[in-house]
Amino acid sequence: MSTKAEAYVNSFLQSLAGEGVELSEQLKGVFARILARQVDVDEDGQVTPKAAFETLGKVFTFVASPAGSRPAEGPIAGYSE
């Protein structure tokens with residue numbers, strides 16, 4: 001996994017969860033490896049998410065968040081970018 005992809009994924013997950021939410025480090029590590037395969041990084045370091053990235057990111061953020069921090073509407077409707 002490229003450093004650029006990893007940084008992008010970690011930033012995306014945390015931005016969905018919110019600044020005050022501490023994501024499970026174990027789950028975040030697993031999910032980051034999966035999501036890093038859902039982005040393309042070009043020669044200039046530009047990151048482009050693939051079609052499934054946003055949906056998977058929302059579901060993974062929901063699962064990695066503490067139960068009390070999860071949106072009641074569920075992962076798809078509960079997180080906005």
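The values are calculated or read from the model by the stated rules, or taken from the named source; none is laboratory data. Quantities reported herein were computed from a predicted structural model and do not represent experimental measurements. In this analysis, Cβ positions are derived from the backbone assuming ideal geometry, glycine residues included, and neighbour counts consider all displayed protein chains. With ligands, DNA and RNA removed, areas are computed over all heavy atoms of the protein, side chains included. Shrake-Rupley method; radii C 1.70, N 1.55, O 1.52, S 1.80 Å.
Structure summary
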| quantity | calculated |
| --- | --- |
| Calculated [θ] (222 nm, deg cm²/dmol) that DSSP helices of n ≥ 4 give over the chain, each run adding -39,500 (n - 2.57) | -16000 deg cm²/dmol |
| Environment charge of LEU35, counting only residues whose C-beta is closer than 12 Å and scoring Lys/Arg +1, Asp/Glu -1 | +3 |
| Candidate residues GLU73, GLU6, GLU43: accessible-area rank, largest first, probe 1.4 Å | GLU43, GLU73, GLU6 |
| Local electrostatic count, VAL47, Cβ distance below 11 Å [Lys/Arg +1, Asp/Glu -1] | -2 |
| Kirkwood hydrodynamic radius of the stretch 1-48, Cα pairs, Å | 11.1 Å |
| Pairwise Cα inverse-distance average, inverted: Kirkwood Rh of the chain (Å) | 12.7 Å |
